[in-house]
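The values are calculated or read from the model by the stated rules, or taken from the named source; none is laboratory data. These numbers were taken from a predicted model, which means no experiment stands behind them. Please note: Cβ atoms are built from the backbone with ideal geometry, for glycine as well, and neighbour counts cover all protein chains shown. We work out accessible area using only protein heavy atoms, side chains counted, and drop any ligands, DNA or RNA first. Shrake-Rupley method; radii C 1.70, N 1.55, O 1.52, S 1.80 Å.
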Amino acid sequence: MRPSSRWSRTSGTASWSSTTTSCSRPVDADVPGTPRSSAIACLTEAVRLAVRASGGELLLYVPITLFAGVCPVAIAWLTKLLLDGLVRPRPHVPGWLPVGLTALGAVYALSPQVVVYLRAEMDRKISLFAQDELFGAVNAWKGLARFEDPRSLDGLRMAQQAASAAPGSVLEGVLASARGAITVTGFLGALFTLSPVLTLLVVAAGVPVLVAETALAKARVRMLWRVGPVERREIAYGQLLTSVEAAKEVRLFGIGAFLRRRMSEERRKANRARRRVDGRELLMQVGLGAVAALVSGYGLVWSVSAALDGRLSAGDVTVVVASITGLQGAFAVLSNEIARARQATLMLAGYVDLVRAAPDLAVARPRAAPAPPVPWPPAPRIEFRDVWFRYSDEHPWVLRGLNLEIPPGEATAIVGANGAGKSTLVKLLCRFYDPTRGTILWDGVELARLDVDELRARISAVFQDYMRYDISALENIAVGDLSRMRDGRHVVEAASRARIHERLLSLPGGYGTPLTRMFPAEDGEGEGVVLSGGEWQRIALARAFLRADRDLMILDEPSSGLDAESEHEIHTTLLDLRRRSTSVLVSHRLNAVRDADRIAVIKDGAVAELGDHETLMRKKGEYFRMFDLQSKGYT
Ligand SMILES: Nc1ncnc2c1ncn2[C@@H]1O[C@H](COP(=O)(O)OP(=O)(O)OP(=O)(O)O)[C@@H](O)[C@H]1O
């Protein structure tokens, strides 16, 4: 499909990582689709989320966290002054010293609890906000390609994980690093005044901790990306083992043990990957711990012998010991926090990529001056013009230069063998995908130039794989047009047309009965019920009938699950509705389409035959062959 000269397009890909603007190197260049948003972009995002979701708590959290960083150094220094005052020939300790020490000690002891509370509250608020934003972004995907791309799904799962904890972790990591840096600087200063050599030694032992922890954080995130598909498979097997939809076959075919084995294999694979990173961490911790113990031992021996020689006071010894212990602790905390912030930032990159992704469907934009809004065409005359389509470059062509006109106010039936591309044609009509080449016109206007939400508001549909929502009967129908949820009249009318009204009335809670056994009944709600397949199909039809006033009615196998009598009744209703709007009907039951105004037979990705029933029967081609087979009862 070539853009017209006045229009330029921005087109997203199935996977969104490559569509963001704030790009840096991906987290893992060997794994396609890993996030690319830079650390700065992630940090900005974390701050934005925290300010917008939990600004009040943030105002308290930042100063308390930073103050807690100053406390250990101040306490160590005041203790030195106190001891020096006590061991003087004429001991003297100013009154403010013990008071100050007590106050600092109390603040230092209390601040962790306050910080934990604030952090938990911030996490709750940020997570709620970020989840909402994330699902808003997913809801803004207009097409289906991203839902069908494994890499997008891995990214979505990582982004979901990140949305709940990563923004808070980034902030906490940054603040705790700042607090750790304050503590480290303070202790370094104190120690330096007593022993520059010892100071250098402690720093030399601390820097590798920092470097190793940061590298480990990156390795951990790379591992999380790599095990993403493995864990998604594990979840999928788990869902098969627990879902009511799969329960029948799992039990009848006895495949429970097989699925459990598969699930455990995936868990073992993921565990192996996690264990490798944990093992690296353990080795590193052991090595660095040994170095820290050596440095502490040396510091203690040196300071005690210096005190015995009279070069250090007793207070100085406490400062040396407190500084070394404090420094090592602070280095450990600092490196831990930097690593945590790094890991959270890398995780958040997936979230940032997703919420800032370009639109997934091509957006037609005027190149120069904004064009006047395209007026919405009245009755749709739909035209497929040389449409070629495949689901991705890796997939085979489904449609190969298909041409088809769907005249306004007429019923057009689409028939053809399994896999011929009938449902694909319907999905293109709803613009769940754009044609790979060629054009679809709605009254002469290219679909891509029309607002996609507006387009869908003009369409009513029953899809072959319609949804069964775990909500009440009324809501199950009303989702067809939420604006009619409150006015039950329309819902009842639609249910009556779909011949399901009486059945719904007979349910324990009438229309309010949940059509699911998934959840316990809530107050004022009847027990949930399980409907039969055909009853569900009528609910799906009622949903479409609620939108019967739309310009285009699409019915993809609307009556495949109905008994003969119901199909006949519904067929009469559909005929009546089809006469009032443009309609597209996909069905394998050729008897159900014989009275359509025109019937298109799809074969080899194109329209092989086109005409009404009589014309096609006279032609004695593909349609005649299929109809003849069905009337003989072979299919
Ligand atoms: N989301 C998808 N991704 C990749 N390939 C797909 C997808 N959906 C359908 N296909 C492929 O496109 C081809 C046409 O499928 P489609 O569902 O349009 O056929 P159909 O004519 O409606 O078939 P049926 O009569 O069995 O419902 C099939 O080969 C199918 O495997």
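The set of residues from region 191-202 being touching a residue at least 12 places away in the same chain (Cβ under 8 Å) and either hydroxyl-bearing (Ser, Thr, Tyr) or surrounded by fewer than 16 Cβ atoms within 10 Å (Cβ to Cβ) (or both) comprises just one member, Ser195. A search for C-beta distances below 9 Å between a residue of region 165-177 that is touching a residue at least 60 places away in the same chain (Cβ under 8 Å) and any residue that is outside any helix (DSSP H, G or I), counting only pairs 6+ apart in sequence or on different chains, returns nothing. Taking the numbered list (1) within 22 Å of Leu555 (Cβ to Cβ); (2) within 16 Å of the ligand (Cβ to nearest atom); (3) open to solvent by 50 Å² or more (accessible area, probe 1.4 Å) in turn, Arg431 passes all entries but (3). Restricting attention to region 419-428 and to residues that are part of a helix (DSSP H, G or I) and among the hydrophobic types (A, V, I, L, M, F, W, C), the residue that is farthest from the ligand (Cβ to nearest atom) turns out to be Leu428.
Could you go through region 130-142 and let me know if any residue there is more than 28 Å from the chain's Cα centre (by Cα) and either closer than 30 Å to Ser303 by Cβ or in the same structural domain as Ser323 (by TED's automatic domain parsing) (or both). Looking for residues that are more than 28 Å from the chain's Cα centre (by Cα) and either closer than 30 Å to Ser303 by Cβ or in the same structural domain as Ser323 (by TED's automatic domain parsing) (or both), one finds none in region 130-142, hence no.
Taken over region 407-418, the criterion of being under 37 Å from the mean Cα position of the chain (by Cα) and either away from the ligand (no atom under 14 Å from the Cβ) or surrounded by fewer than 21 Cβ atoms within 10 Å (Cβ to Cβ) (or both) is satisfied by Ala417, Asn418.
Here Arg233, Arg222, Arg226 are screened, and the one residue that is at pLDDT 90 or above and either in a helix (DSSP H, G or I) or in the same structural domain as Arg280 (by TED's automatic domain parsing) (or both) is Arg233.
When region 546-564 is examined, which residues are found to be of a type outside the set (Gly, Ala, Ser) and open to solvent by 10 Å² or more (accessible area, probe 1.4 Å)? Selection gives Arg547, Asp549, Arg550, Asp551, Glu557, Leu562, Asp563.
Of all residue pairs spaced 6 or more apart or on separate chains, none has beta-carbon atoms under 8 Å together with a first member in region 278-290 that is on the phi > 0 side of the Ramachandran plot and a second member that is in a helix (DSSP H, G or I) and not β-branched (Val, Ile, Thr). Being open to solvent by 10 Å² or more (accessible area, probe 1.4 Å), under 23 Å from Ala540 (Cα atoms) and under 26 Å from the mean Cα position of the chain (by Cα) is the filter here, so list the residues in region 434-463 that pass it. Selection gives Val452, Asp453, Glu454, Arg456, Ala457, Phe463. For region 220-258, a residue qualifies if it is among the basic types (Lys, Arg) and either open to solvent by less than 80 Å² (accessible area, probe 1.4 Å) or under 18 Å from the mean Cα position of the chain (by Cα) (or both), and the qualifying residues are Arg220, Arg226, Arg232, Arg233.
Of the helices (runs of 4 or more DSSP H) entirely within region 482-598, those holding at least 1 residues that are within 32 Å of the chain's Cα centre (by Cα) occupy 533-545. When we screen Val352, Val363 for residues that are more than 16 Å from the ligand (Cβ to nearest atom), surrounded by 19 or more Cβ atoms within 10 Å (Cβ to Cβ) and modelled with pLDDT under 90, the only hit is Val352. Would you confirm, using the coordinates I've provided, whether Arg151 is in a helix (DSSP H, G or I), within 16 Å of the ligand (Cβ to nearest atom) and modelled with pLDDT under 85? It is true that Arg151 is in a helix (DSSP H, G or I), within 16 Å of the ligand (Cβ to nearest atom) and modelled with pLDDT under 85.
There is no residue in region 435-447 that is within 14 Å of the ligand (Cβ to nearest atom), out of contact with any strand residue (DSSP E or B) (no Cβ under 9 Å at 6 or more places or on another chain), at pLDDT 90 or above and within 22 Å of Trp388 (Cα to Cα). The residues in region 59-72 that are open to solvent by 30 Å² or more (accessible area, probe 1.4 Å) and touching a residue at least 24 places away in the same chain (Cβ under 8 Å) can be counted, and the count is 6.
Among residues of region 384-396 that are in the same structural domain as Ala600 (by TED's automatic domain parsing) and outside any strand (DSSP E or B), those with a beta-carbon under 7 Å from a residue that is surrounded by 12 or more Cβ atoms within 10 Å (Cβ to Cβ) and hydroxyl-bearing (Ser, Thr, Tyr) at least six positions away or on a different chain give the pairs Arg390/Thr436.
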